[in-house]
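To keep things clear, I will list the structure first and then write my remarks on it.
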Amino acid sequence: MKKVVIYSDGACSGNPGVGGWGAILMYNGHKKECAGYDKMTTNNRMELFGVIMALKNLKEPCEVEIYTDSAYVANAFNQNWIEQWQAAGWKTASKSEVKNQDLWKTLLSLMERHKITFFKVKGHADNEFNNRCDELAREQIVICKKNQSID
């Protein structure tokens, strides 16, 4: 299995508001950046979307390390929230509906063919790849706002 490292980040101008995501995929010395935006979204949706879109770039099953500054994303897997939500019929411990179920289910489906480990990194610190993902996400917000002003 190929070993791939993914860094991902999401950002939102207003929450909800215009959002962007950015991701970097690294394999065997190669690096690929991808990014996108949504006109009306939340920060957590953009965090999830970055991971989803990065995984969609993988053409075959891989061993993947995913680095994110989102506790929401990392803890869902590292603290078994996702398993608890599924066992409870997509309800939280407080019995409310899990938010972003559509994206969680998409992510779970994409993860099936890979061996994935999530790592939480400190945001806005000294990690060049996390910082670059943040930059990509914020650039997308600017692009979206410019496009909206043209419409």
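Using the Karplus relation 6.51 cos²θ - 1.76 cosθ + 1.60 with θ = phi - 60°, the per-residue 3J(HN,Hα) values for segment 105-112 come to 5, 4, 4, 4, 4, 5, 6, 3 Hz, with x marking Gly and Pro. Each label point was placed 7 Å from the Cα along the Cα-to-Cβ direction; for Glu97 and Ser13 their separation is 2.9 nm.
Excluding same-chain neighbours fewer than eight residues apart, the aspartates and glutamates reachable from Lys59 by a Cα-Cα span under 15 Å are Glu112.
Rounded to two decimals, the Cα radius of gyration of the chain over 2.2 N^0.38 Å is 1.04. Of all DSSP beta bridges located in the chain, what percent are antiparallel, nearest 5? Percent antiparallel among DSSP bridges in the chain is about 60.
For segment 119-151, the residues whose amide N sits under 18 Å from a probe point set 7 Å from the Cα of Lys39 along the beta carbon direction are 140-151. Could you work out the helix-only [θ] at 222 nm for the chain, with each DSSP H run of four or more residues adding -39,500 (n - 2.57) and the total divided by the number of residues, to the nearest 500 deg cm²/dmol? One gets -13000 deg cm²/dmol as the mean residue ellipticity at 222 nm. Of Gly29, Gly14, Gly89, the residue with the greatest mean-square motion in the GNM of the chain, using alpha carbon springs below 10 Å, is Gly29. Simple point charges give the picture: +1 on the Cβ of Lys and Arg, -1 on the Cβ of Asp and Glu, and for the chain a dipole about the Cα centre of about 240 debye. Projecting the Cα atoms of Ser96, Gly22, Ile66 onto the charge dipole of segment 2-150 (Cβ charges, centred on the Cα centre) puts Ser96 farthest toward the positive pole. Largest mean-square fluctuation among Asp134, Asp38, Asp126, in a Gaussian network model of the chain whose springs join Cα atoms under 10 Å apart, belongs to Asp126. Here is the size of segment 53-121 from its Cα atoms: Rg then Dmax, 12.5, 39 Å.
The gain in end-to-end length when the Asn80 to Ala125 segment is fully stretched comes to 13.6 nm, 0.36 nm per residue minus the alpha carbon separation.
Read-outs throughout are calculated quantities, based only on the coordinates presented, and are distinct from any laboratory measurement. From a predicted model like this one, the values you see are computed outputs, not experimental measurements. Glycine also receives a Cβ, built like all others from the backbone with ideal geometry; neighbour counts cover every protein chain displayed.
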